[in-house]
Amino acid sequence: MSSITVSCPGKVNLFLDVVGKRNDGYHLIESIFLPIQDIADTLTVSKTDKASISISCSHPGVPLDSKNLIHKAACAFAKSANIEAQWHFDLEKNIPVAGGMGGGSSNAASTFMALNELYDHPLSTTTMKQLAIQIGADIPFFFEKSPARVQGIGEEIEALHIQQKLYMLFVPFEFPVAASWAYKHRQAGFSLSPQTCSDYLAQLNNHQHPLSYNDLATPLTRKFPLLKQCCETLINLGAYTSNISGSGPTCFALFENEQKLLSAQSQLKRPSIVAIHSA
Ligand SMILES: C[C@@](CO)(OP(=O)(O)O)[C@H](O)COP(=O)(O)OP(=O)(O)OC[C@H]1O[C@@H](n2ccc(N)nc2=O)[C@H](O)[C@@H]1O
Ligand SMILES: Nc1ncnc2c1ncn2[C@@H]1O[C@H](COP(=O)(O)OP(=O)(O)O)[C@@H](O)[C@H]1O
């Protein structure tokens with residue numbers, strides 16, 4: 001096999017509470033991550049004759065050099081597996097860039113998994129996740145691609161079954177937000193969510209419609225009132241909850257059924273993307 005093509009799903013944080021801070025500045029989170037298969041990049045890895053890593057991408061805003069998380073993951077894989085890096089990566093970008101949907105992190109996890117497949121599994125998943133967390137906090141989640149309760153800075157992952165079908169609408173924005181900015185400007189204090197992560201999950205699996213929580217929404221809506229307006233519009237159009245995904249700026253909303261979702265989408269005056277999670 002000389003090349004392999006994989007899908008890289010996006011993610012949404014249905015619930016994101018910040019529960020502490022490490023001495024190195026990273027925040028401890030309590031979060032429900034949901035992979036979004038309907039909003040996914042496509043990554044093709046090909047072996048080449050040249051000892052180098054090259055990247056091409058359909059989106060002009062994505063770096064093609066060593067800043068790309070694909071490049072970082074590929075270097076870590078080559079070093080750990082003791083394999084010469086001779087690869088080209090072609091990325092078709094559909095996940096909003098710097099949008100709080102984990103696109104780069106998903107690409108990085110897929111890079112590890114695709115290279116491991118191409119070379120007949122020299123690394124264990126545990127080793128790849130250990131390498132991944134040093135590159136980015138969100139990357140380990142994308143190895144499993146199932147809903148998960150995520151703790152620590154992103155390395156403690158417990159797979160979950162969400163027993164409710166979720167009808168979601170995502171509203172991307174053109175401007176980027178850095179996760180570092182959102183964490184730096186969050187409000188003081190920890191565990192500020194009015195309900196616990198366990199309560200949120202229990203309600204979801206009890207076929208109720210709990211309100212999404214995002215600790216980082218406060219600084220984001222303060223700096224970008226447009227995002228608050230967007231969430232309010234989605235509620236006015238029939239969503240039972242609306243929030244910002246991760247460090248934003250992508251907004252999302254959940255609806256009771258497909259009819260309400262499509263009705264809201266048809267009335268919304270911004271581009272949006274439908275995604276459905278099957279129970
Ligand atoms: C906010 C979240 C929610 O899932 O995702 P995004 O919305 O960015 O996708 C994550 O916590 C983002 O994870 P990720 O984007 O991988 O973060 P990293 O590249 O490791 O870190 C970027 C910067 O964000 C801050 N950071 C990140 C993760 C974390 N648990 N605590 C932090 O304080 C640090 O300032 C760090 O230097
Ligand atoms: N493969 C990649 N895809 C997208 N962005 C990337 C990638 N590699 C590095 N980046 C950089 O990482 C930053 C965060 O991008 P992304 O992962 O899309 O967003 P987020 O962390 O908000 O979920 C962007 O500013 C971008 O320049």
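Nothing in this text is a laboratory measurement; each read-out follows from the coordinates by a stated rule. Source: prediction; values computed, not measured. Cβ: placed from backbone, ideal geometry, glycine included. Neighbour counts: every protein chain shown.
For the chain, a Gaussian network of Cα nodes joined below 10 Å ranks F142, F175, F89 by mean-square fluctuation, and the top entry is F175. Sequence-ordered 3J(HN,Hα) estimates for the stretch 214-221 from the Karplus curve with 6.51, -1.76 and 1.60 and θ = phi - 60° stand at 9, 3, 7, 5, 4, x, 5, 6 Hz, glycine and proline given as x.
Given +1 at the Cβ of Lys and Arg, -1 at the Cβ of Asp and Glu and no other charges, the dipole of the chain around its Cα centre is 660 debye to the nearest 20.
Residues in the stretch 175-191 carry Karplus couplings, in order, of 7, x, 10, 8, 4, 4, 5, 4, 5, 5, 9, 5, 5, 6, x, 10, 6 Hz; the curve used is 6.51 cos²θ - 1.76 cosθ + 1.60 with θ = phi - 60°, and Gly or Pro positions show x.
When each full DSSP H helix of the chain is screened for a Cα extent of at least 27 Å along its own axis and an average Kyte-Doolittle hydropathy of at least 1.6, none passes.
Extension gain for V274 to D199 (0.36 nm times residue separation, less C-alpha to C-alpha distance): 24.3 nm. Based on the alpha-carbon gyration tensor of the chain and its eigenvalue square roots a ≥ b ≥ c, which shape applies: rounded if a/c is under 1.5, prolate if not and a/b is larger than b/c, or oblate? Prolate, because a/c is 1.5 or more and a/b exceeds b/c. Shape call for the stretch 185-279 from the C-alpha gyration tensor, a ≥ b ≥ c root eigenvalues: rounded (a/c under 1.5), prolate (a/b greater than b/c) or oblate? It is oblate, given that a/c is not under 1.5 and a/b is not larger than b/c.
Note on T218 and I235: the model spin-label points, each 7 Å out from Cα along the C-beta direction, lie 1.7 nm apart.
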